[in-house]
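The values are calculated or read from the model by the stated rules, or taken from the named source; none is laboratory data. All of these numbers come straight from a predicted model, not from anything done at the bench. When we count neighbours, we look across all protein chains shown, and the Cβ atoms used for this are built from the backbone with ideal geometry, even at glycine.
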Amino acid sequence: MLKLHYNLEKISMGLVAAIILAASVGGIVEIAPLFTIDETVELPDDLRPHTPLELAGREIYIREGCYACHSQMVRSLADELDRYGPYSLASESAYDHPMLWGSKRTGPDLARLGEKYSDAWHVAHLINPRDVVPASIMPSYPWLTRSLDTELLSPSLATLARLGVPYDEAMIAAADADAAAQSRPDSDAMDGFIERYGERPAARDFDGDPSRLTEMDAVVAYLQSLGTLTDAPYQILTEGGQ
Amino acid sequence: MSNTTDPKELPGADPKTGERAIDPVSGYDTTGHDWGGITELNTAFPKIVIWALIVTHVYAVIAWILLPAWPTGNSYTPGLLGLDQGEQAIEGYQNLTDNRQNWMSRFESAEFDALQSDDALMALAMPAASRLFADNCAACHGTNGEGGPGFPALTDNAWLWSGDPEEIALTLHHGINTEDPDTRYAEMPAFDWMDRSERASLAQFVADLPDGSVDFESPAGILFTENCSSCHGEAGEGGLEIGAPSLTDTSVIYGQDVDTVMATLKQGRMGVMPAWSGRLSDAEINLLTVYVARLGDDAGDPQ
Amino acid sequence: MTASLTVAERRIGLLISILLALMGLVMAAAAGHGVMSLHGFMALALGLGLAFILGGSLYEAEAPADRLSRYYDAPTRFGISMTLIWAMIGMAVGVWVAALLYWPEGTPAWPATSFGRLRPVHTTGIIFGFGGNALIATSFHVLQRTSRARLADSVSPWAVLIGYNLFCVWAVTGYMLGSTQSKEYAEAEWYADIWLVVIWVTYFVLYLRTLARRNEPHIYVANWYYLAFILVVAMLHIVNNLALPVQWTSAESFPIWAGVQDAMVQWWYGHNAVAFFLTSGFLGMLYYFLPVRSGRPIWSYRLSIVSFWGIVFFYIWVGSHHLHYTALPFWAQTLGMTFSIMLLVPSWASAGNAIATLNGAWHKVRDDATLRFMFVAAVFYGLSTFEGSFLAIRPVNSLSHYTDWTVGHVHSGTLGWVAMIVFGAIYTIVPQLSGKTDMASATAVEWHFWLAVSGTLIYVISMWNAGITQGLMWRAYEENGALSYSFVESVEAMAPYYLLRTIGGGLFLAGAVICAWNCRVTMRRAVGHATDRPLVAQPAE
Ligand code: HEM
Ligand code: HEM
Ligand SMILES: [Ca+2]
Ligand SMILES: [Ca+2]
Ligand SMILES: [Cu+2]
C-alpha cells in the first residue's frame, strides 16, 4: 500500500485521476438515487405551480435575501409540527428552481405562512417590521412599493417550462396579463386568469393600491401562497393522527 | 528525475545501508525527501488512529443495519428498526398532545363560563394561551393585545362585534372579511362620491365625536345621520354588532384624527382578521377565546 | 507586473486584455441595462486599463534575462495584497451584518445595504475574496518551492488572479444590486459562474504544467491538497451551478435542479465548499508553512497519506448532514451522519500531525507569534471538525440546525482555522518576498495575534450560547405539555449575544487591519529577494 502510494506521488496525472475518482463516489451514490427512487417525490394531484405574480414575488424574496433569515422547511420533529404545522414534503418544492429550504432561522419558518396574516399586515410589516412587531430585528423594505417590472415574466415561465414546471403555452403568453389580473380581481382579465390557474390562487389587491402593480403586490402574493400549493401535508397529518 | 523506490538510491540515504537521517527529537528516520528544507518523518502509523478508524466504522455499520441507509437503484435498505421520520414525528406530536389532553380536552367544549370560573384550570391554561397568542395574534394585536394602527386593541373592552365568548370564538374560527365561507363581513364603504368639502366637515365632526362637542343639527351632523348612523348608530355609539366601531369612545382602529378619517372616508376600510379553523384546533381556539375575553374583562368598561 | 514580463509576453497580455474589453463591451451592449450590463462595463474598463498598462510598457526594458533562474513571485505578491484587501472588506461587512442583527436600523434605507444582500457579500467576499486569493497566491509560492521549478508560464498567473478577482467583484456587486441565484456560497449568476470555470481551467493547467517541470521526484503533500482543492471545487462548482438563463442577454437564470434534488446538490456543494475550499486548500498551506516556520519535519508521512485520502473520500458523502429531518429521504441523512463520524478520524489525524510536528519547537511557538497563529489554527481545526462531526449526529442537529450554533461552528472553523492559518502564512511569506527576515513590526504581529484570538473566542462562545439557548427555547415545553416560548421571545433573547459577537468581530477586524498595514510597510521596504532554495535551471520558455 505504502509503496503504491510512494509511486503514485510521482505521477501528477495519476494523482489527479485518483482524486477525481475518490471524490466522485459519494456524490453519485447520494444524488442519483434521488431521481430513481419513486417515493422520494410523490407528486400530489392537487399540486399547482406558482402563478406569474407569485413567481415574481419569489424572485424578489430571493433578490432581497429573505432566505438568509427564514427557512421554508418544517422538519419532522414534534415541536416543529406543534409550532408551525405539518412537516414539509419533498413534493411541495418539486417545482422550485431553486429550492428555498434555508439553513438559518433568524426569523420564523415560513413554510406554512400562507393566509396566516392579512395582506395589510404583510404590507405594514415589510415596510417597517417594528411598526407591528416592536421586538423585530428584521430589515425594513420600504422600496418594495415601487412598480413591478414584468418584462422577464414570460421568458421566466418559458424557461421553467423547459425545466419541467407545468406552464403551458397560454400561461407563458399571458404571464404579464395574469400577473396584473391577480392583483385586480375585478378586471376583465380575471376570467383568463381563472381559466389558466383555477380558483385556488388568492386573487386580491395585495398591497391595497389597486391603481398600481407593485413589487409589494408580488411579494405578498408569494407569501400568501406559501404552504397552499397542495393539501397533501395536511392530509398526512390528519391521517397519521387517526 | 529518479524513479526508483530502492531506499539505497533515495536522496539523503546512505548509498550502502539505505539509512537516512535520524530526527534527534523523535528518534525516527526521515523519508529521505527534502522539499526546500521540508522533510518528513517515517513515523509508524499510530495505533490510536487505527482504533479510531475501527470504532467509527463499527458505529457506521451498526447504523446502516438499523436505519434506512443504502440506495439500491429504485429503493433502499430500510434498516432493521423500520423507522420512518414522518411517522416518528407524528407519533411524537401525538404524545405531546396526549400529554396536554388532560386539561386541553376541557376546551373542546365551549362552556366558556364554566371554563373561566375554574381557577385551577385557568392557572394552567393561561400561560399556554399567552404563548399561542404571542405566536399567532400578537403580530397584529400587539404583544399584550393592545392593538396597533389598523388592528383593534383587544384589551379595552370596546368590541366591534361583541365581547361575548361565543361571538369571539366565531370570529376566531372564521375570521373577518376572509375567504372563509362563514366569515364575518364588515365593510366601511368608501365615500369617495362625496364632495371633498363634505368629507372634510364630516371628518372634523367624527374627530370631535369622542369629546361630545358636536351638533347633530349642523350640516356635518346631518350628513352623519344620513350616511353613517345606519352602521355606527344614531349618535355614533356603535355596538350594533355588525363590525362597525363606536366612534364616540377613545378606542380606534385606524385613527380618529381628521387626516385618518379623511383617508377612511376616501378609500373605505375592510380590515381582515384571518380565520383560524384549520390552523388551530377547536380546543386551541376556545382557549384563545377565553384568553381574549379575559383580556377585555381585565380592562373594565371602555371609557 | 509589467517589469517581470518579456515584450512577447506583454503582447500576449495585451491581446488578452483587448479580448476581455471586447467581451465586456459585448456583454454591456447585449444586456443593455441592469446588472449584467454594469458587469460588462466593469470588464470593459478592466480590459482597457490592463491594455493601457501593457501597451504603454511594450517598449520598456525587458524583464532581466536571468529571471528564469528565480522563482516567479510577483503574482504571489499581488495575490497577497488582494487577500488583505478582501480580508478588510469581508470582515468589515461581517461586522456590519453582525451589528444589523443587534441594531436593525444600522444601515441606510438603500436596498443595496440591506441585511439579506450584505450577508452574501460577507460570505462571498470572505470565502472567495479573502480565502481564494490566499489559496491561489500561496499555492503559486508553495508549488514553486516544493517543485524547485519556476511557474510554467508568466502570463497565466496574472490571468488567473485578475480574472478571479473580477469574478469576486462581479459576485458581490451583483448581490448588492439584487442579482443572485440564492444558492448559498454559489449565489453568483450564470455568466459569472461560466467565467469562473474559464479561470479555474487556466489555473489547473498552469498548476499541472508547473508540476510537470518539478525537479523533485515526489509531489509534496501540500500539493496533493492544493490539487484536490482545484479539482474538486471545479467539479462541485459546475454541477451545482448548472442553470438555464432566462435570456442570454439578462442576468436572471433558473437552476436546473429543483426541490429535494436541488437541496441535495446544493449541500453536496455547500459542505464540500467547506471541505475543499475552506479545508483542503488550507491544509496545503498548513503542510508547507508549518514545517518551514518551525524548522521541523512533518511528524508522520504515513499519517499524511491516510488523512489526505480519508478527507478526499469521506467528505464528499456528508453534505446531507445539512438536511437532517427535512424532506430529504432518511437513508441519505443516515449516510451523511455516519460518514461525518468516520470523517473525524482523518480530520483529527491531520490536526494531530500538525501539532505533533511542533514537537521540538515549542519554544518557538512561545516566542514567535507567526508560528503561534499556525498552532492555534491547527487547534481550531481540530476543534471545529470535532464539533462538526458532533453536529452531524441527527438528534444533536435537531437542536442545532437553523440556530446560531451553526454560525458559531462556522466561525470557529473560519476565524479560528482558516483566517489564522492565512495570517500565519502571510507573516511567513511577506518578509521573505520582501527580502527581509522579519515583518516591519513584530509588536504589531503580537497585537494582531491576541486580537484575533480574543475576537474568535468572544465570537464563538457567544454564538454557542446564542445557538443553544435558541434551540432549547424553540423546543421547551411546560409541564402541562404546552410550548414555553413564542418565537419572538427567542429573538429577544439573542440581543446580548449578537452585541457580543459584533464586539468580537470588531476585534478580529482590527487585527486584520493591523496586519494589512504591517504587510504594506514591509513590502514597501522590500529589498529584492530573500535567500531561497535555489531553482533548478529552467528550459527556455
Ligand atoms: C470580522 C469577523 C467576522 C464577523 C463579524 C462575521 C460575522 C458574520 C455574520 C454576522 C454572519 C451571519 C450570521 C447569521 O446570519 O446569523 C456570518 C456568516 C458567515 N460568515 Fe462570517 N464573520 C466574520 C469572519 C468570517 C470569516 C473570516 C469567514 C470565512 C473565512 C466567515 C465566513 C462566514 C460564513 C461561511 C457564514 C455563513 C454561515 C451560515 O450560513 O451558517 N466569516 N458572519
Ligand atoms: C469533520 C469536519 C466537519 C463536519 C463533519 C462538519 C459538519 C457540519 C454540520 C453538521 C453543520 C451544520 C449543518 C446544519 O445544521 O445546518 C455544519 C455547518 C457548517 N460548517 Fe462544518 N463541519 C466540519 C468542519 C468544518 C470546518 C473546518 C469549517 C470551516 C472552515 C466548517 C464550516 C461550516 C460552515 C460554513 C457551515 C454552515 C453551512 C450553512 O448552513 O451555511 N465546517 N458543519
Ligand atoms: Ca396594487
Ligand atoms: Ca452561482
Ligand atoms: Cu457540512
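Of all residues in region C:182-213 being surrounded by fewer than 18 Cβ atoms within 10 Å (Cβ to Cβ) and within 14 Å of chain A (Cβ to nearest Cβ), which is nearest to ligand 1 (Cβ to nearest atom)? If we take residues in region C:182-213 being surrounded by fewer than 18 Cβ atoms within 10 Å (Cβ to Cβ) and within 14 Å of chain A (Cβ to nearest Cβ), then C:F204 is nearest to ligand 1 (Cβ to nearest atom). Does C:E489 satisfy being within 22 Å of B:L96 (Cα to Cα) and away from ligand 1 (no atom under 16 Å from the Cβ)? The answer is yes for C:E489. Under the condition of being surrounded by 15 or more Cβ atoms within 10 Å (Cβ to Cβ) and either at the interface with chain C (Cβ under 7 Å from one of its Cβ atoms) or in contact with a helix residue (DSSP H, G or I) (Cβ under 6 Å, 6 or more places away or on another chain) (or both), the residues counted in region A:14-33 number 10. Of all residues in region C:388-415, how many are within 21 Å of A:C69 (Cβ to Cβ), within 6 Å of ligand 2 (Cβ to nearest atom) and in contact (Cβ under 8 Å) with a residue 12 or more places away in the chain? So the count comes out to 7.
Screening C:K183 with (1) at pLDDT below 95; (2) within 11 Å of ligand 4 (Cβ to nearest atom); (3) not β-branched (V, I, T) gives one miss only, at (1). Restricted to region C:69-168, the set of helices (runs of 4 or more DSSP H) holding at least 1 residues that are within 14 Å of another protein chain (Cβ to nearest Cβ), β-branched (V, I, T) and closer than 26 Å to C:L499 by Cβ comprises C:74-102, C:115-124. Only a single item in (1) touching a residue at least 24 places away in the same chain (Cβ under 8 Å); (2) under 22 Å from C:H409 (Cα atoms) is not met by C:L335, and it is number (1). The combined condition, being in a helix (DSSP H, G or I), touching a helix residue (DSSP H, G or I) at 6+ places or on another chain (Cβ under 9 Å) and surrounded by 20 or more Cβ atoms within 10 Å (Cβ to Cβ), is fulfilled by C:G40.
Table: residues versus (1) surrounded by 15 or more Cβ atoms within 10 Å (Cβ to Cβ); (2) among the basic types (K, R); (3) not in a helix (DSSP H, G or I).
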{"site": "B:T97", "(1), (2), (3)": "yes, no, no"}
{"site": "B:R100", "(1), (2), (3)": "yes, yes, no"}
{"site": "B:Q116", "(1), (2), (3)": "yes, no, no"}
{"site": "B:A123", "(1), (2), (3)": "no, no, no"}
{"site": "B:R131", "(1), (2), (3)": "yes, yes, no"}
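Within region A:37-53, the residues that satisfy the criterion of being part of a helix (DSSP H, G or I) and either in contact with a strand residue (DSSP E or B) (Cβ under 6 Å, 6 or more places away or on another chain) or modelled with pLDDT under 95 (or both) are A:D38, A:E39, A:T40. Could you please let me know if C:S300 is more than 10 Å from chain A (Cβ to nearest Cβ) and under 30 Å from C:D367 (Cα atoms)? In short, yes. Could you list, in sequence order, the residues of region A:91-112 that are among the small types (G, A, S), within 14 Å of ligand 1 (Cβ to nearest atom) and facing another protein chain (nearest Cβ under 7 Å)? Scanning region A:91-112 gives a single hit, A:S103. With a requirement of 1 or more residues that are charged (D, E, K, R), the helices (runs of 4 or more DSSP H) lying completely within region C:250-366 that satisfy it span C:259-272, C:281-294, C:301-315.
The set of residues from region B:45-60 being surrounded by 14 or more Cβ atoms within 10 Å (Cβ to Cβ) and not hydrophobic (A, V, I, L, M, F, W, C) comprises B:P46, B:T56, B:H57, B:Y59.
Is it the case, given these coordinates, that A:A170 is more than 15 Å from ligand 3 (Cβ to nearest atom), within 17 Å of the chain's Cα centre (by Cα) and either exposed (fewer than 15 other Cβ atoms within 10 Å of the Cβ) or assigned to a helix (DSSP H, G or I) (or both)? No; evaluated as a whole, the condition is false for this residue. Would you point out the residue of region C:348-367, among those that are touching a residue at least 60 places away in the same chain (Cβ under 8 Å) and buried (at least 22 other Cβ atoms within 10 Å of the Cβ), that is nearest to C:R302 (Cα to Cα)? Applying the filter and picking the extreme gives C:S350.
Within the option set A:P142, A:P98, A:P166, being touching a strand residue (DSSP E or B) at 6+ places or on another chain (Cβ under 6 Å) and modelled with pLDDT of 95 or more holds for one residue only, A:P98.
Within the set C:F277, C:F313, the sole residue that is over 30 Å from A:S71 (Cβ atoms) and either within 15 Å of ligand 2 (Cβ to nearest atom) or facing chain A (nearest Cβ under 8 Å) (or both) turns out to be C:F313. Restricting attention to region C:397-413, the residues that are more than 13 Å from ligand 5 (Cβ to nearest atom) and more than 11 Å from every other protein chain (Cβ to nearest Cβ) total 3.
Consider A:R184 carefully, then state whether it is modelled with pLDDT of 95 or more and either of a type in the set (K, R) or within 16 Å of ligand 5 (Cβ to nearest atom) (or both). Judged against the criteria, A:R184 is not a match. All of (1) within 28 Å of B:T260 (Cβ to Cβ); (2) among the charged types (D, E, K, R); (3) part of a helix (DSSP H, G or I) hold for B:D135 with one exception: (1). Taking the criterion of being under 19 Å from C:L328 (Cβ atoms) and either away from every other protein chain (no Cβ under 11 Å) or among the polar types (S, T, N, Q) (or both), the residues of region B:83-116 that qualify are B:Q85, B:Q88.
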